[in-house]
Amino acid sequence: MADVAVVGSGLAGFTAYQTLRRGLEPGEIVVFGTDADPAAAWRARAAAIRQHAMRSESDGHCGPATFPGLALRSVLRRRSLKPLLETVSDRYHPTVEEFLDHVERTRERSGWDESFVPRRVGRVQARDDGFEIDGDRFRHVLLAPGHPGLNVPDELRQDVRAVHAYEPHEYASTVTVVGAGLAAATEWLNALAAGAEVVSVRRHEPARRPLNVPREYFSRRGLGAFHRLPPHERIERLHALSAPSYPAGREWDEPLEQARLEGRFRVEASLNGSAQVICATGFLPGWRNDPLLARLVADHDLETAGDWVVLDPDSTVPTLSDRVRTLALAGAPGQWAFPAADTLAGARYAGHQFLRRIKACRTR
Amino acid sequence: MSYTLKGRIESRLAALLPVLLGCCVLAIALRHWWPVELCALMAAVGLVLDVQVWHRLFRYQSAWVILPLGLVELGLVLAIVYGAGLHAPLGPALLLFAVGWLVAFVLTQAGYPLLRLSYAEDGGELGRAGGVAAAGVLLVLVGSAATWYVRQPPVVHLAAGVHQGPIVIRRREVLQGSPGAVVKGGIVVAHDDVHIRDVTVLGGQNGIDVENVDGTVLDGVTVQGAKLDGIHVRSAGIVIKNCTIDMLGNKIGQGIDISFNMDMGMSMVEGCTIVGGMQGITTHSSMTDIMDNRVSRTTGQAISVAEMSMGMAMDNEVRDALGVGLNCDDQSMCMFEHNTVIGTQPDTASGDPSRRGVAILASFYSEASLWQNRLVANPVATGAITSSLFRWTHDPGW
């Protein structure tokens, strides 16, 4: 029987799996999930907002190490040095097509399908020497349940005009986009390109930065200070970092400015009479919205702080991880340890830390 | 990449380690210390900048930033190298720095992430490997310093008074003359890495004879009354500084004659005063820099770069030479810059038209580049004969 289980077969679980493969064979890892294609959910969302390029950079991939990045692969594929030159100045962003191709190739050669078991896990229970997942026992478990669902504001739930940005949709002649993050910005441009008149409804002005969170939070330099914050300050910091943002650049600003001059784009404080309302409002936040995590917290009386399960800096659940067993969270639920946990880099971080714990386990 | 300070230092030292080991191998092969000195300097400059500047300046560092940072570090390293007189040759020094830079770039972008999966998340920290690398660098540098110290030649103090020569030096040593120390009959250097300082030599066939050895340094020596050459160098690498050579009355000898050492790298004659002799300073088949010397009253040529030599004569002062002041002869390539040649006398007795008191002469397929030389009261300023040429600068200086 395998010692290690990954619960969740999306990109976070898939990325963590690639790291685990550096130390384990496919037969030693079980991946529980509902879809064998790790990009299935993400692909649908990217298609819904007609995303062509990734926000992430060359290292935004599922491999266990930052090198080789997607830029180098792109050099080989395009037979051009341009991606390499762009990546040294952080201006390379892989296309969605390149990213999905990378996922597919990685899936084929990593043994992912050998480890995959189609099962929706409903409960994870701690035992003395490991964890029980729907009757099976494992010493080390990494939970990567993904986002618990799409976030639609309460006042729009019954509104027939409303559609979430990550659901398939076309554009009406007048569109209101709620939200101000990357998905919202993408939808502004999409709707304008479709000839619509666009209204942006937002509570806060979006931050303009290249990645989801400032770059220092991707390394120990920023993480060290973050981990030292007392809980209430860490909650505040996470809320601040979760505020909407999208990258700076002419490709965003010029079409919007042009549309503004033409009277086709404006910002308003509340909904108006648009024919269509697109909710670019992300995902349901927090462990309470995830049945698996909510049950885990309840079963084991885990410490929480606001929307987050309290984790050690290595993304493990402190009370359920020791020298013989490990329970770690990857993806969005891992933000208490890594603010950018819902990125590929975040999933890689959780995978690295998880593998480190497994290697240090005295029973191995 | 957002480096922690520890990560920045560990990454640098780990990248430096293979370069440093290469420097040690190079130093052994070349039998010179400059590669190790250069590597140590690269480490020191890099670490100081890491701690004092780069870490504070860059919370996040794009990959391209390593290029301007490398150029800044290169500038500082070169400034210190040449400011402190480490005598590292420019070309190899640049090459070594470039290799070090390239190794660091490849390691930080590819090598470290592959060897340590969490390299980026760890802010460049390398875990145990970082400590091992730092210890390795320290060990190599301390080992090199210890080797340098142990290999320092013994110092032999020559007491004041006259010592009967010739003295033949057959081991590595520093011969340090006390004030008033005189060797009568000459000194023969017969071993590598001999330094002679502050010694006066009287007589001898050659005042100081240096043949088939390397690493000789003559500093502050005085030579008088040699029968042939004041300082005679054959197939030997040498640095001569601050010497005084009196060749008055010697019509066949040279003040300093450095010949047939092209394969020994650069030699140097600097800050010497030479009076009399047929040639004040002459080189044959040699690469020698002749700088800041004062040569006067020679009967052949004051300074001669001859017989397929390549060399620079710069900031020298030549006075009252008979026939020719500066000479570039016999398929040599010479650079004459900022020299002063005053009062060259015509050698009418020789009947040689090329010796009509020429300040700068190029002869027999030679090529001389001139830059801002000061030529005063010479019957002929310049002459190029027998298929030779001057590369005229736009401001030749007269």
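The values are calculated or read from the model by the stated rules, or taken from the named source; none is laboratory data. Given the structure is predicted, the values throughout are model-derived calculations rather than measurements. With ideal geometry, Cβ positions are generated from the backbone for all residues, glycine too; neighbour counts draw on all protein chains shown.
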Checklist outcome for this item: Heads up, the helices (runs of 4 or more DSSP H) in the range B:25-136 (entirely inside) with at least 3 residues that are in contact with a helix residue (DSSP H, G or I) (Cβ under 7 Å, 6 or more places away or on another chain) and among the aromatic types (F, W, Y) are B:90-106
Checklist entry - Out of the range A:141-151, which residues are of a type in the set (A, V, I, L, M) and surrounded by fewer than 20 Cβ atoms within 10 Å (Cβ to Cβ)? => result A:L150
Item to check | In the range B:137-154, the residues that are within 30 Å of B:R171 (Cα to Cα), free of Cβ contacts under 8 Å to residues at least 24 places away in the same chain and part of a helix (DSSP H, G or I) | outcome: B:L139, B:V142, B:G143, B:A145, B:A146, B:T147, B:Y149, B:V150
Next on the checklist: From the list B:L96, B:L67, B:L115, exactly one residue is within 14 Å of chain A (Cβ to nearest Cβ), under 17 Å from B:L16 (Cβ atoms) and at pLDDT below 95. Which is it?
Outcome noted: B:L115
Checklist entry - Of all residues in the range B:70-93, how many are within 14 Å of another protein chain (Cβ to nearest Cβ) and among the hydroxyl-bearing types (S, T, Y)? => result 0
Item to check | The listed residue being in contact (Cβ under 8 Å) with a residue 24 or more places away in the chain and within 21 Å of B:A181 (Cα to Cα), out of B:K251, B:K241 | outcome: B:K241
Checklist outcome for this item: The lone condition A:R45 fails out of (1) modelled with pLDDT of 95 or more; (2) in contact with a helix residue (DSSP H, G or I) (Cβ under 7 Å, 6 or more places away or on another chain) is (2)
Checklist entry - What pairs can you find where one residue is in the range A:298-310 and assigned to a helix (DSSP H, G or I), the other is of a type in the set (K, R) and surrounded by fewer than 16 Cβ atoms within 10 Å (Cβ to Cβ), and their Cβ atoms are less than 9 Å apart, with a gap of 6+ or different chains? => result A:D299/A:R123
Checklist outcome for this item: Reported set for the range A:150-181 where residues are outside any loop (DSSP other than H, G, I, E, B) and under 12 Å from A:C279 (Cα atoms) is A:L150, A:D154, A:E155, A:L156, A:A162, A:V163, A:H164, A:V175, A:T176, A:V177, A:V178
Checklist entry - If you scan the range B:286-331, which residues turn out to be assigned to a loop (DSSP other than H, G, I, E, B), of a type in the set (G, A, S) and over 17 Å from the mean Cα position of the chain (by Cα)? => result B:G300, B:A321, B:G323
Item to check | Members of the range A:349-362 that are in contact with a helix residue (DSSP H, G or I) (Cβ under 7 Å, 6 or more places away or on another chain) and either hydrophobic (A, V, I, L, M, F, W, C) or within 8 Å of chain B (Cβ to nearest Cβ) (or both) | outcome: A:A350, A:H352, A:F354, A:L355
Item to check | Residue count for the range A:322-364, restricted to those that are surrounded by fewer than 24 Cβ atoms within 10 Å (Cβ to Cβ), out of contact with any Gly (no Cβ under 8 Å at 6 or more places or on another chain) and either of a type in the set (A, V, I, L, M) or closer than 19 Å to A:G60 by Cβ (or both) | outcome: 1
Next on the checklist: Being at positive phi, of a type outside the set (A, V, I, L, M, F, W, C) and exposed (fewer than 12 other Cβ atoms within 10 Å of the Cβ): is that true of A:R157 here?
Outcome noted: no
Checklist outcome for this item: Counting only residues in the range A:187-222 that are among the hydrophobic types (A, V, I, L, M, F, W, C) and under 18 Å from the mean Cα position of the chain (by Cα), the one nearest to the other protein chains (Cβ to nearest Cβ) is identified as A:F218
Checklist outcome for this item: Pairs returned, first residue in the range A:25-44 that is more than 16 Å from A:R105 (Cβ to Cβ), second residue that is assigned to a loop (DSSP other than H, G, I, E, B) and among the basic types (K, R), beta-carbon separation under 6 angstrom, 6 or more apart or interchain, are A:F32/A:R119; A:T34/A:R120
Checklist outcome for this item: Taking the range B:264-290 and keeping only residues that are surrounded by fewer than 24 Cβ atoms within 10 Å (Cβ to Cβ) and more than 18 Å from B:V221 (Cβ to Cβ), one is left with B:M264, B:G265, B:M266, B:M278, B:H284, B:S285, B:M287, B:D289
Next on the checklist: Among the listed residues A:P339, A:P333, A:P285, identify the single one that is part of a loop (DSSP other than H, G, I, E, B) and within 25 Å of A:Y17 (Cβ to Cβ).
Outcome noted: A:P339
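Examine the range B:158-165 for a residue that is within 14 Å of another protein chain (Cβ to nearest Cβ) and on the phi > 0 side of the Ramachandran plot, and state whether such a residue exists.
No - not one qualifying residue is present in the range B:158-165.
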Checklist entry - So how many residues does the range A:212-231 have that are in a loop (DSSP other than H, G, I, E, B) and either surrounded by 19 or more Cβ atoms within 10 Å (Cβ to Cβ) or among the polar types (S, T, N, Q) (or both)? => result 3
Checklist outcome for this item: B:G46 fails exactly one of (1) of a type in the set (G, A, S); (2) crowded, with 19+ Cβ neighbours inside 10 Å; (3) within 14 Å of chain A (Cβ to nearest Cβ), namely (3)
Item to check | helices (runs of 4 or more DSSP H) wholly inside the range A:15-134 containing at least 2 residues that are surrounded by fewer than 21 Cβ atoms within 10 Å (Cβ to Cβ) and more than 14 Å from chain B (Cβ to nearest Cβ) | outcome: A:40-48, A:70-78, A:96-110, A:112-115
Next on the checklist: Is it the case, given these coordinates, that B:S2 is in a loop (DSSP other than H, G, I, E, B) and small (G, A, S)?
Outcome noted: yes
Next on the checklist: If I filter the range B:5-13 for residues that are surrounded by fewer than 18 Cβ atoms within 10 Å (Cβ to Cβ) and more than 14 Å from chain A (Cβ to nearest Cβ), do I get at least one hit?
Outcome noted: no
Item to check | Selection status of B:L38, within 14 Å of chain A (Cβ to nearest Cβ), among the aliphatic types (A, V, I, L, M) and touching a residue at least 40 places away in the same chain (Cβ under 8 Å) | outcome: no
Checklist outcome for this item: The number of residues in the range B:282-332 that are of a type in the set (D, E, K, R) and closer than 19 Å to B:P379 by Cβ is 4
Next on the checklist: Need the failing condition index for A:T174 against (1) within 28 Å of A:T15 (Cα to Cα); (2) touching an Asp or Glu at 6+ places or on another chain (Cβ under 7 Å), just the number.
Outcome noted: (1)
Checklist entry - Just checking, which of A:L256, A:L271 is away from chain B (no Cβ under 14 Å), touching a residue at least 60 places away in the same chain (Cβ under 8 Å), part of a loop (DSSP other than H, G, I, E, B) and on the phi < 0 side of the Ramachandran plot? => result A:L271
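Table: residues versus (1) over 25 Å from B:V305 (Cβ atoms); (2) within 18 Å of the chain's Cα centre (by Cα); (3) surrounded by 18 or more Cβ atoms within 10 Å (Cβ to Cβ).
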{"residue": "B:I187", "(1), (2), (3)": "yes, no, yes"}
{"residue": "B:H195", "(1), (2), (3)": "yes, yes, yes"}
{"residue": "B:G203", "(1), (2), (3)": "yes, no, no"}
{"residue": "B:E211", "(1), (2), (3)": "no, no, no"}
{"residue": "B:A226", "(1), (2), (3)": "no, no, yes"}
{"residue": "B:G230", "(1), (2), (3)": "no, no, yes"}
{"residue": "B:A236", "(1), (2), (3)": "no, yes, yes"}
{"residue": "B:N250", "(1), (2), (3)": "no, no, yes"}
